[in-house]
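**Student:** One structure, as structure tokens, below. Some questions next.
Bear in mind these aren't lab numbers, they're just calculated from the coordinates by the rules spelled out. From a predicted model like this one, the values you see are computed outputs, not experimental measurements. Reconstructed Cβ throughout: ideal geometry from the backbone, glycine too, with neighbour counts over all protein chains shown.
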Amino acid sequence: MAVERGFPTLFVIYGAGVVAVFSILALLHRHAYRLRDRLALSDEAAIETRVRIYSNVGVASVGAVSIAVAIASRLFAPNLIGLAGYTYALTGVVEWRIGAHRKRMLSSRKAE
């Protein structure tokens, strides 16, 4: 059985890594965004930096959801542990929505 082989623990460790890596990337981009004047970022570069912050936070959130699914499936439905892996398909939805937001931000910038 998957639960006995440690799959829930594997999904939690992997998810923690995803959360850690993408949170650090979001913080680095946030730092660059706060220094945008000193770095002389153009308006488009500042928008791209904000989009990268949103993207990294979104992917980190997907990792957190996967951790929650792994823990919940271990406790309540051990045979559904695979759902923790399929949760990462939400990354596509997150990136799609952020891409649409980026397009709106850039088009409103050009309209000015």
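**Student:** Give a quick list of GluC sites (Glu not before Pro) in region 1-93 that DSSP marks as loop, anything other than H, G, I, E or B, with at most 11 other Cβ atoms within 10 Å.
**Tutor:** Details: sites: GLU4, GLU44, GLU48; in loops: GLU4.
Of the GluC sites (Glu not before Pro), the ones in loops of region 1-93 whose Cβ has at most 11 other Cβ atoms within 10 Å are GLU4.
**Student:** Which of ALA68, ALA16, ALA89 moves the most in a Gaussian network model of the chain with Cα springs under 10 Å?
**Tutor:** Checking each option, the largest mean-square fluctuation is seen for ALA89.
**Student:** Here's a follow-up. Taking other Cβ within 10 Å of each residue's Cβ, how do VAL62, VAL93 sort, fewest first?
**Tutor:** Details: VAL62 22, VAL93 11.
Sorted ascending by nearby Cβ count, the order is VAL93, VAL62.
**Student:** Pick out, in residue order, every one of the trypsin sites (Lys or Arg not before Pro) in region 26-102 that is DSSP loop and has at most 15 other C-beta atoms within 10 Å; say none if there are none. Provide the component values of the computation, followed by the final result.
**Tutor:** Details: sites: ARG30, ARG34, ARG36, ARG38, ARG50, ARG52, ARG74, ARG97, ARG102; in loops: ARG36, ARG38.
Those that pass, being in a loop and sparsely packed, are ARG36, ARG38.
**Student:** For the chain, what is the calculated [θ] at 222 nm in deg cm²/dmol (nearest 500), taking -39500 (n - 2.57) for each run of four or more DSSP H residues and dividing by its residue count?
**Tutor:** On the way: 4 runs with 88 residues, N = 112.
Roughly -27500 deg cm²/dmol at 222 nm, from the helical runs in the chain.
**Student:** At a Förster distance of 22 Å, what's the computed FRET efficiency of LEU41 paired with ALA20, Cβ-Cβ distance as r, to 0.05?
**Tutor:** Numbers: r = 26 Å, r/R0 = 1.20.
Efficiency computed from Cβ-Cβ geometry: 0.25.
**Student:** What's the local net charge at LEU27, with K and R +1, D and E -1, over the other residues with C-beta under 14 Å away? Don't skip to the end; give the middle numbers.
**Tutor:** Values: positive: ARG30, ARG34, ARG50, ARG52; negative: none.
Every neighbour counted, the sum reads +4.
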